[in-house]
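Shown next, in structure tokens, is the structure this report addresses.
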Amino acid sequence: MTLHDDTPPFISWTSGATPQRLRWHSEAGNAPPRRVVEADDQIAADAAYKLACEGTGLLWRGDFQNARQLLQALGRRVDRARERSQAKSKARPASPDSPAQAFHHHRQMQAQRAHILGMLLIPVDPGFVVPLRRAPALQAACSEAYGTALQGESFAVSLRELQGLIGAHEWRKKGVEIGALGGRIHPWYGVFSPVRGEYVELVAQAPLPSTELAFDIGVGSGVLCAVLARRGVRKIVATDMDPRALACARENLQALGVLPQVTLQEADLFPPGRAPLIVCNPPWLPARPSSPIEHAVYDPDSRMLLGYLNGLAEHLTPQGEGWLIMSDFAEHLGLRAPGMLDQAITRAGLEVVARHDIKPRHGKAIDREDPLYAARSKETTSLYRLRTRASA
């Protein structure tokens, strides 16, 4: 039997003739590069790209801003290589990819790009100080993402992840304007940002079966919980499995002045008891996530979707409604069989009382250059109002 190893991973390299070792950290759970070399401002972008493609990590010792420029140069080389590969594929006679094949190919290309760009590594000293020339102050961004666990440690992290932390910090400061709230939601690192406002509009407009009590399953940033509270629901019990999401929701609900109406609980799906309204916006795509933030988008084997549907009847009060917010994007991609959702609803002893539809308005829905445009252009987001079947 193999015991679980809690020893943190390390990267190893040689500086001059001296062996070196440094703790490795990846929020996505990526393994450290097996081979690491030091690199600085003198390395050519082509040489860096060759090493990165071979799986060699480049521990940066030069100017921080030059590292950012090198990362951009690596990205351009990855994109050019992909374009050449696509041009060769088009030149060969072959049957066109199915939507599912296009999706999986797109995901594969994204993963390959992320792997190569993830080979540029940045050292971080205790206190979240980057010991490089012209490095920005990253204490706030690192503290928000990593908490206190790494604060006293020296470690290495990919520059790509570090830039993600910086971007998330800016999103958290600025927030996302939510028209239905007349205010902003401030997403944390690793918590899905409610940038697709159409599903929020559906929850803001659908007729409420009751204002006494609601359950919000998978609270995330707290946006739907806040909408229900603003609509007059007097008590809301909101659940999530991610402590970071619960903390994010608490901060947002407090800022919006609705936290007194809400009880937050760490739970897998439902809290104890029954409610006349239960709302859930599960991940829309039945595929495996490759990073923490993707858990809000990808639901392997539709675990959360089916768990919600199959547990709904025993948590609804008589004549209560379960609201399911779901996109049909997976159907257009060929990842979910047509009729699967209707069958799952029936098998769970539920029926659809009403369905409210809305078309997405995000940029990718109209971007003909997007590799998944054929499916995105057909997408509809729906709010299904479900009740327990009388015969169930």
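Sorted on the mean count of surrounding Cβ atoms within 10 Å across their residues, most packed first, peptides 69-82, 18-31, 50-63 read 50-63, 69-82, 18-31. Taking label positions 7 Å along the Cα-Cβ direction at both Gln163 and Arg21, the computed distance is 3.2 nm, reported to one decimal. Per residue, the stretch 194-337 exposes 38 Å² of accessible surface when a 1.4 Å probe is rolled over the protein heavy atoms with every protein chain present. A straight Cα-to-Cα reach below 18 Å connects Lys378 with the aspartates and glutamates Asp97, Glu198, Asp328, Glu331, Asp357, Asp367, Glu369, Asp370, residues fewer than 8 places away in its own chain not being considered. Stretched out straight at 0.36 nm per residue, the stretch from Thr14 to Arg196 would grow longer than its current Cα-Cα span by 60.8 nm. Counting Lys and Arg as +1 and Asp and Glu as -1 over every other residue whose Cβ lies under 11 Å from the Cβ of Asp240, the net charge comes to -2. Could you check what % of the DSSP bridge pairs in the stretch 125-252 are antiparallel, to the nearest 5? Looking only at bridges with both residues in the stretch 125-252, the antiparallel portion is about 45 percent. Taking the alpha-carbon centroid of each part, what is the distance from the stretch 109-176 to the stretch 276-301 in angstrom? The two parts, judged by their Cα centres, are 25 Å apart. Take the Cα of Arg250, go 7 Å toward its beta carbon, and the backbone nitrogen atoms of the stretch 215-231 under 20 Å from that spot belong to 215-227, 229.
Applying 0.36 nm per residue to the separation of Val297 and Thr263 and subtracting their alpha-carbon distance, the gain on full extension is 9.8 nm.
Taking amide H atoms as placed 1.01 Å from N in the peptide plane, the amide H of Leu121 lies under 5 Å from those of Leu58, Leu59, Trp60, Leu159, each 5 or more residues away in sequence or on another chain. Under 17 Å from a point 7 Å along the Cα-to-Cβ line of Glu177: which residues of the stretch 191-226 have their amide N that close? Zone members listed by number: 194-198, 200-201.
With contacts taken as Cα pairs under 8 Å at a separation of at least 6 residues, the chain carries a relative contact order of 12 percent. For the chain, the Cβ-based charge dipole about the Cα centre amounts to some 840 debye (Lys, Arg positive; Asp, Glu negative; other atoms uncharged). Note on Thr211 and Thr346: with the Förster distance fixed at 25 Å, the Cβ-Cβ geometry gives a FRET efficiency of about 0.30. Once both labels are positioned 7 Å from their Cα atoms along Cα-to-Cβ, the gap between Val37 and Val353 label points is 6.6 nm.
Beta bridges assigned by DSSP with both partners in the chain are antiparallel in approximately 50 percent of cases. Local charge for Gly57 was computed over the other residues whose Cβ lies under 11 Å away, with Lys and Arg +1 and Asp and Glu -1, and equals 0.
The values are calculated or read from the model by the stated rules, or taken from the named source; none is laboratory data. Quick caveat, the model's predicted, so the values are computed rather than measured. Please note: Cβ atoms are built from the backbone with ideal geometry, for glycine as well, and neighbour counts cover all protein chains shown. Ligands, DNA and RNA are stripped out before the accessible areas are found, and what is left, the full protein with its side chains, is counted by its heavy atoms. Shrake-Rupley method; radii C 1.70, N 1.55, O 1.52, S 1.80 Å.
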